[in-house]
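What follows is a short report on a single structure.
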Amino acid sequence: GNSVTQMEGPVTLSEEAFLTINCTYTATGYPSLFWYVQYPGEGLQLLLKATKADDKGSNKGFEATYRKETTSFHLEKGSVQVSDSAVYFCAPLSGAGSYQLTFGKGTKLSVIP
Amino acid sequence: DAMVIQNPRYQVTQFGKPVTLSCSQTLNHNVMYWYQQKSSQAPKLLFHYYDKDFNNEADTPDNFQSRRPNTSFCFLDIRSPGLGDAAMYLCATSRSYGQGGDTQYFGPGTRLTVL
């Protein structure tokens, strides 16, 4: 089955700092890759996705590139804001006919003014 | 806006007293999922429906059941809640399986407290 190794948190950054959250995965075939974000007390929101090698997903200033050669999907943002404080989950989903997201353990990000 | 709606947002029940959580969607998606998320953990898939076809994960306790009376609605029934069932329950939908249709969209969750 699939597995995910996600950067352990918590991560605390000052506002406007650069963010990287590492994610590597093992999966059969060519998975779709997702980052979800969970704000305190809320459900998961899709942050971005990529469906094939070298695709870059982006949203709200966040980016992640599907690196098949290193089986990685690291999340980056150039300048974080206090409102980005949340838990971030990396999740591969294997190809055709598959439905099960394999979530990483989540990385809690706190951004301080 | 098309969305996934969960009611109630907070549910309190007593030990052993049956409880039902509801989920509805306006996305007209074929697949609906129920996840359990305990504090500081990743969500864990309990089961899902593709249309009316029910798919149970192997390690989902028998205490948990689900109903999907139509495309828009799905219910999670906990027959005899225990203290260990206190968690956030997340409903999600996807258009289909596989590439292009596999993105799952989540509702805001129902936080279940068991007294």
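So which residue, out of A:Lys52, A:Lys60, A:Lys68, gets the largest mean-square fluctuation from a GNM of chain A using Cα contacts under 10 Å as springs?
Ranking A:Lys52, A:Lys60, A:Lys68 by mean-square fluctuation puts A:Lys60 first.
One-quarter of the Cα convex hull surface for the protein assembly as shown, in nm²?
Taking a quarter of the hull surface, the average projection is 12.3 nm².
Taking chain A as a Gaussian network, where each spring joins two C-alpha atoms under 10 Å apart, which residue of A:Ser83, A:Ser32, A:Ser72 fluctuates the most?
So, out of A:Ser83, A:Ser32, A:Ser72, the one fluctuating most is A:Ser83.
Once amide H atoms are placed 1.01 Å from N in the peptide plane, what residues at a sequence separation of 5 or more from A:His74, or on another chain, have their amide H within under 5 Å of its amide H?
Result for A:His74 returns A:Cys23, A:Thr65.
Using the Karplus equation 6.51 cos²θ - 1.76 cosθ + 1.60 (θ = phi - 60°), what ³J(HN,Hα) coupling, rounded to whole Hz, does each residue of the stretch B:4-18 give in order, writing x for Gly and Pro?
10, 10, 10, 9, x, 6, 10, 9, 10, 9, 9, 3, x, 8, x
A drop of at least 10 square angstrom in accessible area, chain alone versus all protein chains together, probe 1.4 Å. Which residues of the stretch A:70-101 meet that?
A:Phe89, A:Leu93, A:Gly95, A:Ala96, A:Gly97, A:Ser98, A:Tyr99, A:Gln100, A:Leu101
Cross-chain or 8 or more residues apart, Cα under 19 Å: how many lysine pairs in the protein assembly as shown fit that? Count them up, please.
Within the protein assembly as shown, the lysine pair count is 14.
Heavy-atom accessible area per residue, chain A, 1.4 Å probe: how many Å²?
Spelled out: the 1.4 Å probe surface of chain A, per residue, equals 46 Å².
For the stretch A:66-113, what are Rg and Dmax over the alpha carbons, in angstrom?
Considering the stretch A:66-113 through its Cα atoms, Rg and Dmax are 13.9, 45 Å.
In debye to the nearest 20, how big a dipole does the stretch B:1-59 give about its Cα centre with +1 on each Lys and Arg Cβ and -1 on each Asp and Glu Cβ?
Result for the stretch B:1-59 is approximately 300 debye, rounded to the nearest 20.
Could you compute the FRET efficiency for A:Ser58 and A:Ser110, with r as their C-beta to C-beta distance and R0 at 25 Å, rounded to 0.05?
It comes out at approximately 0.65.
What percentage of the solvent-accessible surface of chain B, computed with a 1.4 Å probe over protein heavy atoms, is contributed by carbon and sulfur atoms?
Of the solvent-accessible surface of chain B, carbon and sulfur hold 50 percent.
Could you tell me how many cubic angstrom of Cα convex hull volume the stretch A:1-64 has per residue?
Taking only Cα atoms, the stretch A:1-64 has a hull volume of 117 Å³ per residue.
Only Lys, Arg, Asp and Glu count, each charged at its Cβ (+1, +1, -1, -1), so figure out the dipole size of the protein assembly as shown about its Cα centre, rounded to 20 debye.
For the protein assembly as shown, the charge dipole is close to 360 debye.
How big is the Cα convex hull of the stretch B:1-61 in projection, averaged over all directions, in nm²?
Orientation-averaged projected area of the Cα hull: 5.6 nm².
Average projected area of the Cα convex hull of chain A, in nm²?
Mean projected area of the Cα convex hull: 6.6 nm².
State the three equivalent ellipsoid semi-axes of the stretch B:55-103, derived from the C-alpha gyration tensor as the square roots of 5 times its eigenvalues, in descending order and whole Å.
Working from the Cα gyration tensor, I get semi-axes of 24, 13, 11 Å.
Peptide A:28-40: average number of partner chain Cβ atoms within 10 Å per residue?
Rounded to a whole number, the mean comes out at 2.
In peptide A:102-110, what is the residue-averaged number of other protein chain Cβ atoms found within 10 Å of each Cβ?
Averaged over the peptide's residues, the number is 2.
Work out from phi, with θ = phi - 60° and the Karplus expression 6.51 cos²θ - 1.76 cosθ + 1.60, the ³J(HN,Hα) of each residue of the stretch A:67-80, listed in order in whole Hz, and give x for Gly and Pro.
Those phi angles translate into 10, 6, 5, 10, 6, 10, 8, 6, 9, 9, 8, x, 8, 7 Hz.
Leaving out ligands, DNA and RNA, what percent of the accessible area of chain A is carbon and sulfur, probe 1.4 Å?
The value for chain A is 50 percent carbon and sulfur by accessible area.
Over chain B, give the accessible area per residue in Å² for a 1.4 Å probe, as an integer.
Ligands and nucleic acids excluded, the figure is 47 Å² per residue.
Just the number, please: buried accessible area between A and B, total of both chains, 1.4 angstrom probe, nearest 100 square angstrom.
1800 Å²
Mean-square fluctuation check for chain A, GNM, Cα pairs under 10 Å: which of A:Gly41, A:Gly57, A:Gly78 is largest?
So, out of A:Gly41, A:Gly57, A:Gly78, the one fluctuating most is A:Gly41.
Residue by residue through the stretch B:105-115, which ³J(HN,Hα) values in whole Hz follow from phi under the Karplus form 6.51 cos²θ - 1.76 cosθ + 1.60 (θ = phi - 60°), with glycine and proline marked x?
10, 9, x, x, x, 10, 8, 9, 10, 10, 9
Distance from the Cα centre of the stretch B:1-31 to that of the stretch A:1-64, in angstrom?
Cα centroid to Cα centroid, the span is 26 Å.
Looking at chain A, send over the antiparallel percent of its DSSP beta bridges, to the nearest 5.
Within chain A, antiparallel bridges account for around 90 percent of the total.
The values are calculated or read from the model by the stated rules, or taken from the named source; none is laboratory data. Model, not experiment: these values are computed from the prediction. Ideal geometry is used to build each Cβ from the backbone, glycine not excepted, and the neighbour counts take in all protein chains shown. Just so you know, the surface numbers come from the protein's heavy atoms only, side chains and all, with ligands and any DNA or RNA stripped out. Shrake-Rupley method; radii C 1.70, N 1.55, O 1.52, S 1.80 Å.
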